[in-house]
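Presented below is the structure to which this report refers.
Quick note: the coordinates plus some simple rules give every number you see, no bench work behind them. It should be emphasised that the depicted structure is a prediction, and the values quoted were computed from it without experimental measurement. Ideal geometry is used to build each Cβ from the backbone, glycine not excepted, and the neighbour counts take in all protein chains shown.
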Amino acid sequence: MDSYLPTSEQNIPSESELAGQLAHTTLDDNGPNGQMPAVPKYTPFEPVRQVSKARDETAEKIRSDFEVFIEKFDSSRHMTGRVQSQATQPSNPYLDQLKMMRNYQGHTMYIDFADLNMYDPVLAGAVAHQFEPYIRKAIQNLVWKHCRAYAYTNTSMAEVEQSRPSGSMSREFQVAFYNVPIKHGIRDMRMDKLGHLISISGTVTRTSEVRPELIYGTFTCRDCGGVMHNIEQQFKYTEPLMCQSPTCGNRTNWDLNIEQSKFIDWQRVRIQENPNEIPTGSMPRSMDVILRGEVVEKAKAGDKATFTGMLIVVPDVAQLRGAGTTVQTEREGQERTRGRDGFTNEGVTGLKALGVGDLTYKLAFLGGMVQAGESKGATEGKEYEESDETERQKFLESLTQQEIDELRDMVNMEGQIYNKLALSIAPAVFGHHTVKQGLLLQMMGGVHKVTPEGIHLRGDINVCVVGDPSTSKSQFLKYVCGVLPRTVYTSGKASSAAGLTATVVKDEETGEFTIEAGALMLADNGICAIDEFDKMDLKDQVAIHEAMEQQTISIAKAGIQATLNARTSILAAANPINGRYNKKLTLRQNVAMSPPIMSRFDLFFVVLDECDETTDYNIARHIVNVHRFRDQAIQPEFSTEQLQRYIQYARTFRPKLTPEAMRLLAEQYRDLRQSDSQGSGKNSYRITVRQLESMIRLSEAMARVHCTNVISDHFVREAGRLLGSSIMTVEHERIDLDEDAAEFEDLSAEAVQEIDHHFAETEDVAGGHTMEVEDSTANATAAANERLSRMDYDEFERTKALLVSEVRKQDEHGMRLEELVTWYLSVQEAEIVENNLDIEIEEKVVRKVIRRLTKKDQVFLAIQEGDGATSMATETAEQPPQKNPLLVIHPSYVSPDEL
């Protein structure tokens, strides 16, 4: 009897156990005078009788009603705005889905909450309040009723005709609801929503690896070998309270039988508030979402997803862990210590260890359904899995009949659709039609390709808008981010290389290093808009080289070697170096970008703030109307929703080049290369093979705009026009040939005499025409003076190239001045005759050009006759220049080709 006495090493009996023990105490055991003894005597241990579990009648009623809903729901009588073509589907989609689960080895039943709400609003309200275990039990009952062979694992139909087969395990089924009417934000999560069926939305920033989670454990007693099945795990490792064997009282010695336990896939996803939901001046909040079963790996980093499930409370492991310590699960040993209240010490207690309050719990969301938002390239990831027609048909089935009619009308516009779609982009911005056309093609995108060697060729189009202040560059970026679902907006100066690509962080619970997605990864299959691109540091610009061309991000940090996808289009906005764009400088000199970055942009648009009376008035009138009438002042051809649907439909096409388009592409690329290799410096950057690939991508995007799979010549010409408009022509001041004013006056006088003599021969003696002839003579004199004093930059460069090439041919022997002038006039004779130019004036012009190249530009070196050699730049009055010096290339001159 002494072994049953309560000691400090045994559990204190509960009130019910104590009452039962006292009932077995007889009067014979009383002390003298019939008083109750000080210590009661207990009867020997008796086996615990099986007590029937309490029955929740309300929950059982909900389970049975839900089973009736699955079996009796008729979709033909409960249409929820679907397309008419869907009315031909089976009348009970959920029962058919239940029977089809065996074919694809599914474990999740997907149910539209709107259907349940229309069928029985009371049942829908009850399902939304903490009855998830009974709903899963209803699915198990229905599977047993309609497909018994699939209700248990490792069984056949013959084994489950009447009863459960021996040694088999029942399958676990999940229920996933979607289209829950109210969608909450992360900031709205409060305790009143705990355990209720709700939907939250957010942007996925981090995903963990998929791990197995124990949901029902089978344990073996170490003392007697007994087995206990289906011990439910409640967010922690839970062992049986006591062995059920009559002769064993084991409470602690258990072994987990992994073979007979039930595991399920588990994944933790970190979501963050959407940018449009963050209040002013607040930091974005985050929350962990737990995914189980078939919904794992449904959300990727960067998705704007909607999660349907329930809010739960879990221990905050990061708060429990002290500095430099780790948290691990420990089983209580045999020698369990008790506190002064008789309970075992679990966890950390006391205000000293926890701070002011016991704040060691946090909110989490148990997601049962994931609906990821469609991205710009929603069909690109399935390009090699399903045909274009299949993708197109799936998209059309998701639209209503009215939306299909609107889409058909837009497609039938053919030649007009291109300009109308461009005018519908950023309607609040006046003008900039070419920039809007480029943004439309960027949103359409080209076609991703894979070579036989496995090399990926990007189809995304990168666009950079360079311009003066107040030219609506940021407006374009904000509009694109608002139209497309998967876009990220960032600023260049406030972005680092790690923030744009990816960051290696340590997980706060496991201590392992994980990868957190940056802006380019979050915009995968979308557009990453980078404002103030020129303000980025050079090392940060280098970090996105790989992402812009190869569309991958390679990481080798903290023992992690990975190559991540960054299939995104870059939309950048940059300001010129000195605030205003200088037309006399090249684009590379105007923008603080490296040449490798510039070559990776398909299109450059230079937006200038030029003063024009008509344009300024129209812009002012447009802005005033927008401020006065708001939306009434902006009437685009298509709404934002229509534009989004058209883009998503157009991206299902995979255009291919025709032989005629291929030849035209080759010709345009050849012409661009030839114009760039002339050495005149009129192009903003050199034409490379990347510009040829840009024309191919732009042509494919043009074909998608017109919803066709054939790239015609017209599309290639439009792509070449856009690419040509992005190559800015550098404007230069006219070259001043008047280095000596006195000489200019003499030459001008001679020119005037020649022109007067020329017009004297044709002078009309009639008095009525005398004034007209005098006016013509004056105009010709002014033109001659202008011709002799200034020359266009391009013409000067061409003349310079001809003269330098001829002198180089003579090697070190050089060439006399008169010989060089005579050679040049003979070469240009055909052009002089064709343009009706005066040969004598052209002779004086070329002499002035040679004098400038010798005296100022130091291209030629004039060698005088005699022992010494001096240049015209060092002539003095005592040593007049010779009329026919020997010209050689100056030793310090370097041609542009040599650079």
For TYR110, enumerate residues with amide H under 5 Å from its amide H, sequence gap 5+ or separate chain, H modeled in the peptide plane. ALA176
Can you tell me which lysines have their Cα less than 28 Å from the Cα of LYS99? Leave out same-chain residues fewer than eight positions away. LYS61, LYS72, LYS137, LYS145, LYS262, LYS298, LYS382, LYS394
In terms of Cα to Cα distance under 29 Å, which lysines are near enough to LYS883, apart from those fewer than 8 places away along the same chain? LYS800, LYS809, LYS844, LYS848, LYS855, LYS856
Which of the peptides 394-400, 544-550 is most tightly packed, and how do the rest follow, going by the mean number of other Cβ atoms within 10 Å of each residue? 544-550, 394-400
Arranged from highest to lowest average of other beta-carbon atoms within 10 Å per residue, in what order do the peptides 435-445, 468-478, 710-720 appear? 435-445, 710-720, 468-478
Taking the highest mean first, how do the peptides 829-839, 174-184 order by number of other beta carbon atoms within 10 angstrom per residue? 174-184, 829-839
If the only charges are +1 at each Lys and Arg Cβ and -1 at each Asp and Glu Cβ, what is the size of the charge dipole of region 379-484 around the Cα centre, to the nearest 20 debye? 620 debye
Surrounding net charge for GLU273, when Lys and Arg each add one and Asp and Glu each subtract one, Cβ distance under 10 Å: +1
Could you grab the relative contact order for region 380-726? Cα pairs under 8 Å, six or more apart, rounded to a whole percent. 22 percent
Using a cut-off of 14 Å between beta-carbons, work out the net charge of the residues near ALA547 (Lys and Arg +1, Asp and Glu -1, ALA547 not included). -2
For MET369, what residues show an amide H to amide H distance below 5 Å, using hydrogens built from the backbone and excluding near sequence neighbours? THR308
Using a cut-off of 12 Å between beta-carbons, work out the net charge of the residues near ILE696 (Lys and Arg +1, Asp and Glu -1, ILE696 not included). +2
Spelling out what I want: for every residue of region 389-402, take phi, set θ = phi - 60°, compute 6.51 cos²θ - 1.76 cosθ + 1.60 (Karplus), and round to whole Hz; glycine and proline get x. 5, 5, 5, 5, 5, 4, 5, 5, 5, 7, 9, 7, 5, 5
